[in-house]
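Below: one structure, written as structure tokens.
The values are calculated or read from the model by the stated rules, or taken from the named source; none is laboratory data. Quantities reported herein were computed from a predicted structural model and do not represent experimental measurements. Cβ: placed from backbone, ideal geometry, glycine included. Neighbour counts: every protein chain shown. To get the accessible areas, we keep the full protein, side chains included, count just its heavy atoms, and leave off ligands, DNA and RNA. Shrake-Rupley method; radii C 1.70, N 1.55, O 1.52, S 1.80 Å.
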Amino acid sequence: MSTDSAVFASVTDVIIIGGGPAGMSAALVLGRARRSVLVIDEALPRHRVTRESHGFLTRDGVAPAELRKAAREQIAAYPGVAFIEDSAVEAEGVDGDFRVTTAGGTIYRSRKLLFAAGMKDLPMDLEGLEDVYGKSAYVCPYCDGWEMQDRPIAVIAGKHTLHLTRTVAGWTDDVAVFMNGTDLPEEDRAQIQSRGIPIYEKPIARIESEKGETSAIVLSDGTKIARTAVFFAPRLAPGSELPAQFGCAVMESGAMIVDETGRSNVPGVFGAGDGASQKYQVAAAVAAGSAAGAGINFELLDLDWERKAEEAAIL
Ligand SMILES: Cc1cc2nc3c(=O)[nH]c(=O)nc-3n(C[C@H](O)[C@H](O)[C@H](O)COP(=O)(O)OP(=O)(O)OC[C@H]3O[C@@H](n4cnc5c(N)ncnc54)[C@H](O)[C@@H]3O)c2cc1C
């Protein structure tokens, strides 16, 4: 703990690190359960690059910022929930007494801790990809396939190339795979080619676009292949390293391993959303946040129930 940090006097029931769909969903459940909650959020949700968020019932097609605004407005009805825009840089303590230090230099205390810090994209090492990301280049066909349907789509090979190609093929008959220096098992290659899908072997020099709209993939030998949409597997890292530093068990991706109520292997520490799953969908993150909120409240109710018995015995 930094020696020049200011310790916030009151202890909240729960600190939530991350105020994306998962963290806000947990905050809503906990606020309605009359808990005191502090949400510490850097405000960099993963889908901020995209124009519209799709597939979440009643909010299909809204801008991520709009989704966030509506959530904040509804949570504001519950006075136990407070938000601060800051970055959690240190977390320590034990069940019942956690301390979280922010980049702003304040130490906040809570009885329970929920990590909802999401996953973040690592820098893209392909020229032009960042210009089109979230506008005509996407990672999830379920999120954005409908809008890209029937376009000439480029699949950039990476992790699970066959899986991504056959999934994208559900939205268009015009798919081309770009190996870009990666390998593909012979059997997978044969499956793709036997469906009439071309595979380009040469590395990609750049993606050409205008105002975010992809127009072509340019290969290292100068060949230009007209494409108006791209799907690729991004390189991801956990939104926060704090769960791993805290001793929480993590998957290969770095995401926390939790049970269906978000409980981790560390007592009192919970996880929800992209940073504690492999689902990467707003609906899944909201569901996980809701379950974690109830899971945390259940543990707090247990403690309160015991305390009530002790108090009644004294009287
Ligand atoms: C291009 C793109 C398009 C997408 N489109 C869709 C779509 O159409 N439909 C859909 O369902 N899903 C979509 N997704 C996936 C969706 O963005 C995620 O599934 C969802 O945002 C996960 O919610 P989350 O709360 O777990 O994490 P996030 O939304 O990433 O929120 C995590 C929050 O934690 C904060 N944080 C991280 N570390 C710290 C820290 N140390 N201290 C304080 N705060 C911290 C972050 O700044 C962020 O605000 C898309 C993703 C991408 C990349």
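Note on the stretch 43-52: residues that are near the ligand (Cβ under 6 Å from one of its atoms) and more than 13 Å from the chain's Cα centre (by Cα) amount to 1.
Considering 122, 67, 57, the condition of being surrounded by fewer than 17 Cβ atoms within 10 Å (Cβ to Cβ), within 20 Å of the chain's Cα centre (by Cα) and farther than 23 Å from residue 244 by Cβ is satisfied by 57 alone. Look at (1) part of a loop (DSSP other than H, G, I, E, B); (2) surrounded by fewer than 18 Cβ atoms within 10 Å (Cβ to Cβ) and you find that residue 215 fails only one, number (1).
Set side by side, the residues 33, 26, 65, 22 differ, and just one is at pLDDT 95 or above, near the ligand (Cβ under 8 Å from one of its atoms), in the same structural domain as residue 240 (by TED's automatic domain parsing) and under 22 Å from residue 288 (Cα atoms), which is 22. Quick check on this structure: which one of 14, 39 is surrounded by 24 or more Cβ atoms within 10 Å (Cβ to Cβ), within 13 Å of the ligand (Cβ to nearest atom) and in the same structural domain as residue 276 (by TED's automatic domain parsing)? Step by step, each of 14, 39 is checked, and only 39 is surrounded by 24 or more Cβ atoms within 10 Å (Cβ to Cβ), within 13 Å of the ligand (Cβ to nearest atom) and in the same structural domain as residue 276 (by TED's automatic domain parsing). Can you name the strands (runs of 3 or more DSSP E) wholly within the stretch 94-181 that have at least 2 residues being in contact (Cβ under 8 Å) with a residue 60 or more places away in the chain, within 16 Å of the ligand (Cβ to nearest atom) and closer than 22 Å to residue 198 by Cβ? Once the strands (runs of 3 or more DSSP E) in the stretch 94-181 are filtered for at least 2 residues that are in contact (Cβ under 8 Å) with a residue 60 or more places away in the chain, within 16 Å of the ligand (Cβ to nearest atom) and closer than 22 Å to residue 198 by Cβ, what remains is 153-156.
Results for (1) open to solvent by 60 Å² or more (accessible area, probe 1.4 Å); (2) more than 30 Å from residue 233 (Cβ to Cβ); (3) modelled with pLDDT under 95, shown as yes or no for each residue.
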residue	(1), (2), (3)
79	yes, yes, no
83	no, yes, no
87	no, no, no
115	no, no, no
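Does the stretch 154-184 hold any residues that are β-branched (Val, Ile, Thr) and either farther than 21 Å from residue 47 by Cα or open to solvent by 20 Å² or more (accessible area, probe 1.4 Å) (or both), and which are they? Once the filter is applied, which keeps residues that are β-branched (Val, Ile, Thr) and either farther than 21 Å from residue 47 by Cα or open to solvent by 20 Å² or more (accessible area, probe 1.4 Å) (or both), the stretch 154-184 yields 161, 165, 167, 172, 175, 177, 182.
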